[in-house]
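The next block holds one structure in the form of structure tokens; read it before the comments.
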Amino acid sequence: MISIDDFKKLEIRIGTILSVEIVPDADKLLKLSVDIGEEKPRQIISGIRAHVPDTSTLLGRQIPVLTNLEPRIIRGLESQGMILAASAEEVFALLHPGTEIKNGAVVK
């Protein structure tokens with residue numbers, strides 16, 4: 001269990017996926033460029049490739065991004081956040097707002 005104060009430490013913002021690339025020699029990884037309302041887009045390395053057969057379906061989608069996660073190097077690429085998704089058994093889903101909202105909007 002975590003406290004509400006621990007939860008409040010998470011900064012989750014809405015962003016739009018601008019580009020998607022397959023990470024070479026990595027079965028699970030995609031390199032995403034995500035606009036979260038900052039001066040330049042964030043690069044996020046995500047292990048969702050197996051769940052997204054057609055990566056073009058990600059373009060333009062709005063998603064929540066954990067933005068205050070410490071950057072991490074994955075396969076030589078810096079990941080500057082984490083996208084939020086859900087999975088249960090054989091089903092996978094990216095989370096997204098029910099209506100279009102400004103990039104950078106805070107998830108509360």
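List of remarks:
- Residue in region 25-44 that is farthest from the chain's Cα centre (by Cα), counting only those that are more than 18 Å from Glu11 (Cβ to Cβ) and free of Cβ contacts under 8 Å to residues at least 24 places away in the same chain: Asp27
- Restricting region 69-85 to residues that are under 20 Å from Ala50 (Cα atoms) and under 12 Å from the mean Cα position of the chain (by Cα), the residue that is surrounded by the fewest Cβ atoms within 10 Å (Cβ to Cβ): Leu84
- Scanning region 6-62 for residues that are of a type in the set (Gly, Ala, Ser), under 24 Å from Thr99 (Cβ atoms) and out of contact with any Gly (no Cβ under 6 Å at 6 or more places or on another chain) yields Gly15, Ser19, Ser33, Ser46, Ser56, Gly60.
- Taking region 58-108 as the region of interest, the strands (runs of 3 or more DSSP E) fully inside it that hold 1 or more residues being touching a residue at least 40 places away in the same chain (Cβ under 8 Å) are 62-66, 72-74, 77-79, 91-94.
- Qualifying residue in region 14-23 (condition: at negative phi and either in contact with a His (Cβ under 8 Å, 6 or more places away or on another chain) or in a loop (DSSP other than H, G, I, E, B) (or both)): yes
- Selected residue (only one of Ser87, Ser56, Ser79, Ser46 is farther than 28 Å from Asp6 by Cβ and among the small types (Gly, Ala, Ser)): Ser56
- Selection of region 36-67 for residues being surrounded by 12 or more Cβ atoms within 10 Å (Cβ to Cβ) and polar (S, T, N, Q) yields Gln43, Ser46, Thr55, Thr57, Gln62, Thr67.
- Leu10 exposed (fewer than 15 other Cβ atoms within 10 Å of the Cβ), of a type in the set (A, V, I, L, M, F, W, C) and either within 13 Å of the chain's Cα centre (by Cα) or in a loop (DSSP other than H, G, I, E, B) (or both): yes
Values in this text are rule-based calculations from the coordinates and carry no lab data. What you see is a predicted model, and the numbers here were worked out from it, not measured in a lab. Don't worry about glycine lacking a Cβ; one is built from the backbone with ideal geometry, like all the others, and counts go over all protein chains shown.
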